[in-house]
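Asker: Questions regarding the structure given below will be posed in turn.
Every read-out reported here was derived from the displayed coordinates using simple, explicitly stated rules and does not represent laboratory data. Please read these numbers as outputs of a predicted model, since none were measured by experiment. Neighbour counts are summed over all protein chains in view; Cβ atoms, including those assigned to glycine, are modelled from backbone coordinates with ideal geometry.
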Amino acid sequence: MIYPKFLKQRVKGVCKMRRSKLESYEDILGALVKKPLDLDSLAYEADMDCTLLIKRLESLIKYGLVEERLSSRKVRYAITERGIAVLKNLNFRKYMEKIVNAVRVMDDALQVIPSISRRENTESE
């Protein structure tokens, strides 16, 4: 069975993995950290389709992570303080996942080393 998060999308001849909602939210918030953006600019920065972006923005606005700002006849979207806090938390979670994975690799290596040493000792005898 193929799970939705492993489905591949073809974009301009390149295969890429489908993003989860959480990854989409993270990309949107990450793009807005730099400066407020209009819908088209945000879609480009977050690498998302505008219709999907609008759905994600509605949720982020509902939970107070993003706000709409009117400026020079355009609606711009800006990250709120709450949004910055959530983004920091998500980035910390990613960092911790990397550390956990590195520790697992080291643990696996430490379990393999004694068996290699035993083989070398039995071969030398």
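Asker: Using θ = phi - 60° and the Karplus curve 6.51 cos²θ - 1.76 cosθ + 1.60, what whole-Hz ³J(HN,Hα) does each residue of segment 38-48 get, with Gly and Pro shown as x?
Answerer: 7, 4, 5, 5, 5, 4, 5, 5, 8, 6, 9
Asker: Ok, one more. In the structure shown, do any of 35/88; 35/94; 21/94; 74/94 have a Cα-Cα gap over 25 Å, and if so which?
Answerer: In this structure, 74/94 lie more than 25 Å apart at Cα.
Asker: In the neighborhood of residue 61, defined by Cβ-to-Cβ distances under 14 Å, what is the net charge if each Lys or Arg adds +1 and each Asp or Glu adds -1?
Answerer: That sum, taken over residues with Cβ under 14 Å, equals +3.
Asker: Run the simple label-point estimate for residue 107 and residue 39 please: 7 Å along Cα→C-beta, distance reported in nm.
Answerer: 4.8
Asker: Within 9 Å, Cβ to Cβ, of residue 78, how many net charges do the neighbouring residues add up to if Lys/Arg are +1 and Asp/Glu are -1?
Answerer: Value of the local net charge: +1.
Asker: Tell me the trypsin sites (Lys or Arg not before Pro) within segment 22-125 that lie in a loop according to DSSP and have at most 11 other beta-carbon atoms within 10 Å.
Answerer: 73
Asker: Label residue 74 and residue 51 with points 7 Å out from Cα along Cα→Cβ: what is the distance between them in nm?
Answerer: In this crude label model, residue 74 to residue 51 measures out at 2.4 nm.
Asker: On to the next question. Excluding residue 102 itself, calculate the net charge of residues whose Cβ lies under 14 Å from the Cβ of residue 102, where each Lys or Arg counts +1 and each Asp or Glu counts -1.
Answerer: Charge balance in the 14 Å sphere: 0.
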